[in-house]
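J.: The structure that follows is given in the form of structure tokens.
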Amino acid sequence: MPAPPDTQAATSLSLEAVAVGALEDVSLNLAPGEITCLSGPSGSGKSRLLRAIADLEPHEGDIRLGEQPQATLSGHAWRRAVMLVPADSQWWAEDVGAHFDHDCQAGLEALGLCPETLGWQVARLSSGEKQRLALLRALSRRPRALLLDEPTANLDHATTLRCETWLGERARQYGMPVLWVAHDPEQIKRVAKHHVRITGSRLETTPWT
Amino acid sequence: MDVIALDWWQLGLAALMVVALAACTTLARLGVGRPLLIAAVRTAVQLTLIGLVLEALFASARFQWVAMMAVAMLLIAGREVMTRQRRRLTGGWSFGIGTLTMFLSSFSVTILTLTVIVGPQPWYTPQYAIPLLGMLLGNTMTGVSLAMDRLTANVWQQRSVIENRLMLGQPWQEAIGDVRREAMRSGMIPTINSMAAAGVVSLPGMMTGQILAGSAPALAVKYQILVMFIITAGTGFGTLAAVAATSRRLFDQRERLRVDRLSPPKG
């Protein structure tokens, strides 16, 4: 049985006339609980756009979480709410568990990780395990919006499907708007409610065919 | 007991040992021969000149001359802190932070020591003020430059880790916490080590000098303990301020990591 949606925290994430790097005039409205996929050629500025939304990069334009403009929150408070999971996750402590402040046994199981993983050394993790743990680490902090940069790049097909299901469920459960950078058209079909594509310096909405 | 006078030819004998060392390292292709000789020449020239300056200064003992000397020492130390860094903060911030933190810690500790603890009349008597300030500045300079160099180098190296911590919503102080601790440690370790080894392994230079000059060892020891403590305080507070200011400068108002404020490494 799916968990009931947590509607109280549900907020949309909206971008208006955002400009960063070569990208100009990006306007986008991400509804709570829905996944929007972002695609585009390598080097077109997908990751930079996500960094701008997380306010890790200077940018122009107006970004709001619900009614709250980015600038009214401090940098870290904004990023705690609008969380970016990078393609290449970084780990600073020796053991995995030190990176988690909340209990997340259920998530480990859902992502196909063994329950003892939290006691392991970071050095022995595979790239696929790191990627799933990075998702879990971010989600365990209960962000209100999620930015994912190729979250399943290092995973086999079965695990990719698991992750997609789990992420979709979490998005609906917590009412999180999700912006998901993806290349695989099959994956975009499976997870996305909307699809936007970077062409040149613009963002285009792709109609479903 | 009078001090035994040293002649220039006696110094020449000591210099021969350095030349012999430089020759050996050059033959072994270890690449320190040249810098070794240059530094040795600098030592001889700089100390000879400062001897002349100090003689003039002691003879006049006017406040403005003492103050001018102190400012000159500070600026040279600030330049030295800057050149010892592989990755500097751009826009003169490395020189600024280094000089300001050394000024705040070394000058206040020296003035406090002169007015409250030692109490020469007048308090700026150059025979006390200049050597004390020199020892403080020299040690603070080492601490500040080691800490700033370690901080900027590690921030550059660990920029992805720091950014990932920011992405998880950590405040900038927490995201850079490990790097800051490491930098503070490398700035303070030489001072802590020299206090721990004092008297057991090494006889500190100032105490040795006083004993050679005829002071009673008990008094020389008291001065040495005083100097060790004020050096520790001066180095510690200077390093603390430099680490705080440098790490703050590496983040902007939105708590973004700004590695673009670091210059590319020289050389």
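J.: Quick one: plug the Kirkwood hydrodynamic radius of chain B (C-alpha pairs) into Stokes-Einstein at 10 °C, 1.306 mPa s, and report D in µm²/s.
T.: Using the Kirkwood radius from Cα pairs, D works out to 76 µm²/s.
J.: What do you get when you divide the Cα radius of gyration of the stretch B:73-220 by 2.2 N^0.38 Å, with N the number of residues?
T.: Cα-based Rg divided by the globular estimate yields 1.30.
J.: If you don't mind, another one. Excluding A:ALA19 itself, calculate the net charge of residues whose Cβ lies under 9 Å from the Cβ of A:ALA19, where each Lys or Arg counts +1 and each Asp or Glu counts -1.
T.: -3
J.: List the extent of the Cα atoms of the stretch B:1-60 along each of their three principal axes, largest first, rounded to whole Å.
T.: For the stretch B:1-60, the Cα extents along the three principal axes come out at 49, 25, 16 Å.
J.: Can you give the direction-averaged projected area of the convex hull of the alpha-carbon atoms in the stretch B:131-199, in nm²?
T.: 5.6
J.: How long, wide and thick is the protein assembly as shown, going by the Cα atoms along their three principal axes, in whole angstroms, largest first?
T.: 99, 46, 40
J.: Compare A:THR152, A:THR72, A:THR36 in a GNM of chain A, Cα atoms joined below 10 Å, and give the one with the largest fluctuation.
T.: Comparing A:THR152, A:THR72, A:THR36 in a Gaussian network model of chain A, the most mobile one is A:THR72.
J.: In addition: Around A:ASP101, what is the net charge, scoring Lys/Arg as +1 and Asp/Glu as -1 over all other residues with Cβ under 15 Å from its Cβ?
T.: +2
J.: What size of dipole, in debye to the nearest 20, comes out for the stretch B:62-261 about its Cα centre when the only charges are +1 on Lys and Arg C-beta atoms and -1 on Asp and Glu C-beta atoms?
T.: 380
J.: Just the number, please: buried accessible area between A and B, total of both chains, 1.4 angstrom probe, nearest 100 square angstrom. Working shown, then result.
T.: Working: alone 10540 and 15830 Å², together 24500 Å².
By this definition, chains A and B bury close to 1900 Å².
J.: Another one. Taking only Cα atoms, what is the 0 to 90° angle, nearest 10, from helix B:93-102's long axis to the longest principal axis of chain B?
T.: 50
J.: Between A:ALA17 and A:GLU57, what is the label-to-label distance in nm when each label sits 7 Å out along the Cα-to-Cβ direction?
T.: Reported label-point gap for A:ALA17 and A:GLU57 is 2.1 nm.
J.: What does the accessible area per residue of the protein assembly as shown come to in Å², with a 1.4 Å probe and no ligands, DNA or RNA counted?
T.: Numbers: 24500 Å² over 476 residues.
With all protein chains present, the protein assembly as shown gives 51 Å² per residue.
J.: Where nothing but the Cβ of Lys and Arg (+1) and of Asp and Glu (-1) is charged, how large is the charge dipole of the protein assembly as shown around its Cα centre, in debye to the nearest 20?
T.: 800
J.: Which number comes out as Rg/Rh for the stretch B:155-267 once both Rg and the Kirkwood Rh are worked out on C-alpha atoms?
T.: Reported Rg/Rh, Kirkwood definition of Rh: 1.19.
J.: Given N residues in the stretch A:152-209, what is Rg(Cα) / (2.2 N^0.38 Å)?
T.: Scaled against compact globular proteins, the figure is 1.22.
J.: If you take every DSSP beta bridge whose two residues both sit in the protein assembly as shown, what share of them, in percent to the nearest 5, is antiparallel?
T.: Around 55 percent of the beta bridges assigned by DSSP in the protein assembly as shown are antiparallel ones.
J.: Let me ask something else. Could you tell me which residue out of B:SER106, B:VAL81, B:LEU212 lies farthest along the dipole of the stretch B:62-261 toward its positive end? Charges go on the beta carbon: Lys and Arg +1, Asp and Glu -1, centred on the Cα centre.
T.: Result: B:VAL81.
J.: Then there is this: From the Cα trace of chain A, what convex hull volume per residue do you get, rounded to a whole Å³?
T.: Once divided by residue count, the hull of chain A is 128 Å³.
J.: Moving on. Suppose a student asked you for the relative contact order of the stretch B:62-261, using Cα pairs under 8 Å spaced at least 6 residues apart; what percent would you report?
T.: Relative contact order of the stretch B:62-261: 30 percent.
J.: Give the average over all directions of the projected area of the C-alpha convex hull of the stretch A:1-93, one decimal, in nm².
T.: Averaged projected hull area, Cα only: 8.2 nm².
J.: Continuing with the same structure: How much of the pair distance distribution for the stretch A:102-184 lies past 23 Å, counting alpha-carbon pairs only, in percent?
T.: It works out to 16 percent of all Cα pairs.
J.: If each residue of separation counts as 0.36 nm, what is the full-extension length gain between B:LEU100 and B:LYS222 once their alpha-carbon separation is subtracted?
T.: The B:LEU100-B:LYS222 span can extend by a further 40.9 nm.
J.: Turning to a different aspect of this structure: Taking only DSSP H segments of four or more residues, each worth -39500 (n - 2.57), what value at 222 nm results for chain A once the sum is divided by all its residues, to the nearest 500 deg cm²/dmol?
T.: -8000 deg cm²/dmol
The values are calculated or read from the model by the stated rules, or taken from the named source; none is laboratory data. Owing to the predicted nature of the structure, the values given are computational and were not obtained by experimental measurement. Here Cβ is always computed from backbone atoms with ideal geometry, including for glycine, and neighbour counts include all displayed protein chains. Note: areas computed on protein heavy atoms with side chains; ligands, DNA, RNA excluded. Shrake-Rupley method; radii C 1.70, N 1.55, O 1.52, S 1.80 Å.
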